[in-house]
Amino acid sequence: MQPSLEKLRKFFRLEHENKYANTAIIGGLAKMLDFWEGEARADGVAEEVIQAVVARLRSYEKLSPEGRAESLKGLWKRIGETYPEAGQKPKVQQNQPPRPPRAEQEPAQSVDSPSAIPQQEKPAYQPKPRPAPMPRSEAVPGAKTSQTPAALNAELTVLQGVGPRHAETLEQLGMKTLGDMLYYFPRRYEDYSQLKPIKSLFYGDVVTVLGTIQSVHSRPIRGGKQTIIEVVISDTTGSLRLSYFNQPWLANRFKQGDAIAVSGKVDQYLGRLVMNSPDWEPVEVENLHTARIVPIYSLTEKITQKWLRGIMNQVVSHWAPAVVDALPDKIKFGARLVSLSEALMQVHFPVSQDRLKSARERLAFDEIFYLQMGVLRQKRDWKSVEGRRFAVPTEWLDARTAGLPFALTSAQKKSLDEIRADLDSGKPMNRLVQGDVGSGKTVVAALAASIVVNAGAQAAIMAPTSILAEQHFRNFTRLLTVEGGLQESEIRLLVGSTPDVRKEEIRQGLADGSVKVVIGTHAVIEPDVLFKDLQFIVIDEQHRFGVEQRKELRSKGTNPHLLVMTATPIPRSLALTVFGDLDISVIDEMPLGRQPVSTHVLRPQERERAFTLIHGQIRDGRQAFIVYPLIDESEKIEARAAVDDFDVLSKEIFPKLRLGLLHGRMKPAEKDEVMAKFRDKEFDILVSTTVVEVGVDVPNSTVMLIEGADRFGLAQLHQLRGRVGRGAEQSYCLLIPTHEDAAENERLQAMSQTNSGFELADLDLKTRGPGEFLGTRQAGFATTLKMASITDVALIEKARAQAQSLFERDPYLQMPEHSLLAEAFERFWGTGKGDVS
């Protein structure tokens, strides 16, 4: 029987199981005509049969469930007259596994019953429908109940070879349903069709090599503190040495005579080609002979690549072709995209590199497209509500700025003008102020708050840590309690450690309006904190807060004005994609008199020079940071670590100085205590991990020494550098990479050449990708960005243009032809997950 008729039978059967609720296809059974008519003609189905199907399905929606049952029964009978095989149950193929037992035995059906529409013999992995929706955390457009066969919501135990234990293991990887499996993409691929023999390798190549293990040796290094595993592999053309540092367990994993695939960069040591810590995995014999691109999935214990690929092949080959594409044809043609089915099949089991590229582009386009649609909708929704106007005379504001101990830069003035316009627009402000480290964002926020508070309303400032909240409290108090401004009692600090008596006093003051400005952490959004008239909110380092926390703070006022601040320079492509619902102000000038931080890249063996500089600065009454990428030594990563080096630094290098230790495993109160002691000069040196990255002010610190600097992104290095240079004295940033590696050090040299965070951010985006900027992951959508890269500006522009065009025509996707798209959009964003600001 023709494939198009088989597909028709499948949907009719599903409609019967759904009790003729017209839900076998999103938007109703008639929606399948969008693709079925063309497929049927391509299959050579008789025209009169096609017309009969079209006529019945077009009127199907208007019928009662009983009428629908009769209609499908009669239609299938009509098809059986032209194609007798449609009335027969297909034979089970010899190699087909038996069907799983049904949960309940259905009563026998008469031939005339509509439910007797012949049922194709299902493969062993045909799932049983399950009503529970897929979890939000893995919501992805396309792979959902009503957009694809309902069975994609089935649990994995319906698959041949997957029992409860395997299902539990797969759930650890985020796969609970068949739909999850379709969207569990390979982490990389081995292209066995284009292998390179060992004799053809060159220094600097990034390649995959297949070879047989000839020898495995383990030896201690660095006085026995560490271990190196040396493995020699060979093929018919030559041999290659592999080195693994500090991974002693590998000695038992590598077996002489085993075939393995290794992927990595070819280095040189003493004139010989080597690979240092390359990725590796056993080679399955069949892969050596298939000469195809093989998907490599992330695994967990108890499952192998071979087993997972076999299960994945079941799901992809059977269900990917059945996924209904929500993206309208007009958009697909305009953006030159392949179908969703083709993309899902090729991303798992690509036929060629070109088709894999097209598949990844389609899946990435979907993610950016849905993200853009949501961002555009948020902006429209926010602009559609009324906001209270706060007009302020220029003379009043000039008097405020004249009272400052410094002159505003032109960039600060421009940002302040944009904020004033927002506050007087009659719409709620929704603005992001991005400014380089130390550019003076806080002053702009404080002046904006004074405009609102001067009119009798309240303002709330939310910071990610207690110590940063305290810093803002001191700065806001200094800036707002000038002559004609607020009283000190009207500005309060509310953090977790605030005594209960004082907390109650602050809560009472916010409720009756006597407290005008509150500055704090998450304590500000606790349910019992109520405001009399909250109209202005400042959120600092907003990427540290989740969507729900921001919504909670907004809900404490009536359409309050929102100002978001970040010191992370955001490249244009990222700003368009992630912050497209925000108006953006940029403060790209440094205050007058601020000296640029002198930045130097040192080789690991030059560490003593760094220690000499620190000694000299501390003798002059200054302080220093020493930052590490790790808390303690990792067996997998050869890099220096804070806890391990702290003892050596305090006992051997700086025995007469006072050292503090700060890292992410400490409790918040402990971190605050250490940071406060450093600020108050009780420590000369603070040894830390990157927890010092977010803007704590210690003007007396003049040296930032960063160990393992190659393990940080440029934007993060720039943030760390911003912890020094906040006073009038010359400051220094010293970068020591893990190894002397020209490629890694090239990025670090850029740090020594510019102090502009915006230049570094663009370079970092090109060299490392978006992880640095989405490293903390925007809560609310980041879990869905599995394929898209924020570095792909061309794709972003393409998706943005298509989303903008569609949004102008149908912003809420209410047109009938966009019903599939509307459901996919809701699944991508999840219920109520608005507000990426």
How long is the gain from LEU592 to HIS615 if the chain were fully straight, where each residue apart is worth 0.36 nm and the alpha carbon distance is subtracted?
5.4 nm
Using only the alpha carbons of the stretch 315-395, what is the convex hull's orientation-averaged projected area in square nanometres?
9.4 nm²
Rounded to the nearest 0.05, what FRET efficiency is calculated for ARG165 and SER298 with R0 set to 22 Å and r the Cβ-Cβ distance?
0.70
The stretch 410-493: radius of gyration over Cα atoms, expressed as a fraction of 2.2 N^0.38 Å
1.10
Convert 4 °C to kelvin, take the viscosity as 1.567 mPa s, use the Kirkwood radius over C-alpha pairs of the stretch 181-308 as Rh, and evaluate the Stokes-Einstein diffusion coefficient in µm²/s, rounded to a whole number.
83 µm²/s
Rounded to a whole %, the carbon-and-sulfur portion of the accessible area of the stretch 193-295 at a 1.4 Å probe is 50 percent
For the stretch 1-55, alpha-carbon Rg and Dmax in angstrom:
11.1, 31
Could you compute the FRET efficiency for ASP43 and VAL351, with r as their C-beta to C-beta distance and R0 at 30 Å, rounded to 0.05?
0.85
Which order, highest average first, do 225-233, 710-718, 293-301 follow once you tally other Cβ atoms within 10 Å for each residue and take the mean per peptide?
710-718, 225-233, 293-301
Per-selection metrics, the stretch 271-430 (Cα): Rg and Dmax in Å:
27.9, 81
Divide the volume of the convex hull of the Cα atoms of the stretch 251-345 by its number of residues and quote the answer in cubic angstrom per residue.
187 Å³
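The values are calculated or read from the model by the stated rules, or taken from the named source; none is laboratory data. What you see is a predicted model; the values in this text were computed from it and never measured. Quick reminder, even Gly has a Cβ in these numbers, built from the backbone with ideal geometry, and neighbours come from all protein chains shown. Calculation scope for accessible area: heavy atoms of the full protein, side chains included, ligands and nucleic acids excluded. Shrake-Rupley method; radii C 1.70, N 1.55, O 1.52, S 1.80 Å.
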